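First up is the structure itself, then whatever we jot down about it.
The values are calculated or read from the model by the stated rules, or taken from the named source; none is laboratory data. Since this is a predicted model, take the numbers as computed values, not measurements. In this analysis, Cβ positions are derived from the backbone assuming ideal geometry, glycine residues included, and neighbour counts consider all displayed protein chains. Heads up: the accessible areas ignore ligands, DNA and RNA and are worked out on the full protein's heavy atoms, side chains in. Shrake-Rupley method; radii C 1.70, N 1.55, O 1.52, S 1.80 Å.
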Amino acid sequence: MCTVSFIPDGNNFFITSNRDEKVTRRRAVPPSTVCVNGTNILCPADGDAGGSWIAVKENGDAAVLLNGAFTRHEPAPPYRESRGIVFSRLIASAQPVEQLRAEDLCGIAPFTLVLLTGTKLFEFRWDGVEKHLAELNASTAQIWSSVTLYDAAAKAQREQWFRKFTDGAATMDTKKITRFHRFAGQEDQRNGLVINRENGMRTVSITSIHIKPGKAGMTYSDLVEGLEVSSAIAIKKDLTKKERLFNQVSYRLRRTAIVFFSWEYWPFHFVYGPLYVYWLWLSLRARSFFFFSTANPGIENAGFTLERKSRIYALLPGTSYPSTLFVPMNETPDALLKKRTQYFSTYPLIAKPDIGERGTGVKLLHSDDDLMEYRNNNRIDFLLQEFIDYPCEAGIFYYRIPGESKGRISGIVGKELLGVTGDGTSTIEMLIKKENRFFLQWPVMKKQYGAMLQTILPAGESKQLVPYGNHCRGAKFTDLSDKATLKLQNTIDELCSQIPGFYYGRLDIKYRSWEELCDGKFFSIIELNGAGSEPTHIYDPKHSLFFAWKEIVRHWNILYRIGMRNQKKAGVRFMKTSEGLRMLKEHARHRRLLEIHE
């Protein structure tokens, strides 16, 4: 905030700032893309007040702040608002020059603001009493030094260093400019571009913006920690009404085509509809539409629907699943935070409905604020759960015929979570839209991440966008059934034999490596699903709809055998028709609640 340079170079503009601060001030937060009043802005954040001092936004406008105006002033706190907060609001405006003219600055400390909007360069000074706005020559390189730290002689010396640098450089780039801002006048620790005044006031960072057609980059160098962070934001032009309409129609057409030609995205009843006749046949043979209700006597409704996850976790061996806290929907904020502190020492945590539905309502929480937002938007009981950061996830379908000593694995699905890898030029939004599977998740991603999607990831850098393996949340499912070795069969059978009243269902497991999973080490059961489980390996894109139907029928036959065996041999009665209809009605009501929550 104390030394700023502006350098034009053809269609490129460079704005660079050295930030001088007291050593007692908190470290700033490195640049990230944030949304301010509906506008995406790339900027660092002040560690104390939370505002910023340098920023570039999605239309290519950029600005930087310096303390003081024309002459050194005596601080007179308390001020009405931080200059950094005012700065963030000004740069977010659709018309920043007009906003500068209109903004009420009474009670704000004096400052200078350098603004590049389009190809016009402005200098704005607030001296504590009056505003001073001037348009400058945007084709000329310029340097500013804060009057709060540098006298006329120091500013003149810095001007000489700057002119020598710009006159001697045929072309400009961020590295050259940052090097100048780092080493010019390095022998003078009081007035060089990087200062250290008796360890009380020092230059803590150098931030450089590079604006070029279609893209703006920001390089942030933390001189205290010795770290460098590079970020970028795509520059978006304003679309005409026709262009917006074209984009909307294109999105709908592409989405329709993806769903039409990939049966894995078809609605549930489209996939299962032709098989309902076979379900009816099994029901007639069993003389009950709810023959599945005896498949897992230890689980509510056999795990077909409305089963509580909290009660299922209570059946599992104690070390086989994440630490989990049940939260009733009417839990008070204070009580919830107290329990969270008692059960979990750190974030992140997973929050999910106690009675779930295909991944709806599952959310990764990073703070108490996230937890309170989840709680306030919630109308149902939910669970807080330790986040398991093992890199791999799989669904293992297991069954055991009652009376037999050994169970079997009937299918395994590997889950590739939704994430993107940067190429150095594309925004996260562009990367999402390149992949059909991710494209279908675009509305959810836009709502969840907002401005962050305009970030340009460096080449090779990966960003996970959905941390859970749900097909309806963009995860790619791969059939790994050929990995059901005898060793894995024995490991899973030994585990499942410890679960009372469990004969049929799918275990969703996170694990560190496949070899360790087969050995029964370093894994965690994220969820156990019962009679309502799908053999999700059918959703591997390589499989046809006919393969899926064959696997569904195979698993229904297994479910029928287990249900009949438990009904006849163990004396477990089928659910009455009235009970079953009541269950389905309650399931429909619960789904509506989940949709509201989502």
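For the reader, a short list of remarks on this structure follows.
- Subset of the stretch 382-429 (residues that are at pLDDT below 90 and open to solvent by 40 Å² or more (accessible area, probe 1.4 Å)): 423, 425
- Filtered residues of the stretch 573-596 (kept if part of a loop (DSSP other than H, G, I, E, B) and open to solvent by less than 40 Å² (accessible area, probe 1.4 Å)): 574, 575
- Answer from 121, 116, 100, 105 - the residue that is open to solvent by less than 10 Å² (accessible area, probe 1.4 Å), in a helix (DSSP H, G or I) and not β-branched (Val, Ile, Thr): 100
- Check on residue 94, open to solvent by 20 Å² or more (accessible area, probe 1.4 Å), in a loop (DSSP other than H, G, I, E, B), of a type outside the set (Asp, Glu) and more than 19 Å from residue 19 (Cβ to Cβ): yes
- All of 306, 315 fail the test of being aliphatic (A, V, I, L, M), assigned to a loop (DSSP other than H, G, I, E, B), at negative phi and over 26 Å from the mean Cα position of the chain (by Cα), apart from 315.
Residue by residue, here is whether (1) in contact (Cβ under 8 Å) with a residue 60 or more places away in the chain; (2) farther than 23 Å from residue 401 by Cβ; (3) touching a strand residue (DSSP E or B) at 6+ places or on another chain (Cβ under 6 Å) holds:
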residue	(1), (2), (3)
510	yes, yes, yes
524	yes, yes, yes
527	yes, yes, yes
535	yes, no, yes
542	yes, yes, no
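- Condition met for residue 397 (aromatic (Phe, Trp, Tyr) and part of a helix (DSSP H, G or I)): no
- Counting only residues that are part of a helix (DSSP H, G or I) and open to solvent by 40 Å² or more (accessible area, probe 1.4 Å), the stretch 55-91 holds 3 of them.
- Of the residues screened, residue 33 is one that is farther than 20 Å from residue 144 by Cα and hydroxyl-bearing (Ser, Thr, Tyr).
- For residue 472, the criteria (1) of a type in the set (A, V, I, L, M, F, W, C); (2) open to solvent by 30 Å² or more (accessible area, probe 1.4 Å); (3) without any contact (Cβ under 8 Å) to a residue 40 or more places away in the chain hold in every case but one, which is (3).
- For the stretch 13-27, the criterion of being part of a strand (DSSP E or B), open to solvent by 10 Å² or more (accessible area, probe 1.4 Å), in contact with a His (Cβ under 8 Å, 6 or more places away or on another chain) and closer than 27 Å to residue 162 by Cα is satisfied by at least one residue.
- Within the stretch 324-338, the set of residues being crowded, with 16+ Cβ neighbours inside 10 Å and either free of Cβ contacts under 8 Å to residues at least 24 places away in the same chain or not in a helix (DSSP H, G or I) (or both) comprises 324, 325, 326, 327, 331.
- In the set (1) open to solvent by 20 Å² or more (accessible area, probe 1.4 Å); (2) more than 19 Å from residue 506 (Cα to Cα), the condition left unmet by residue 365 is number (1).
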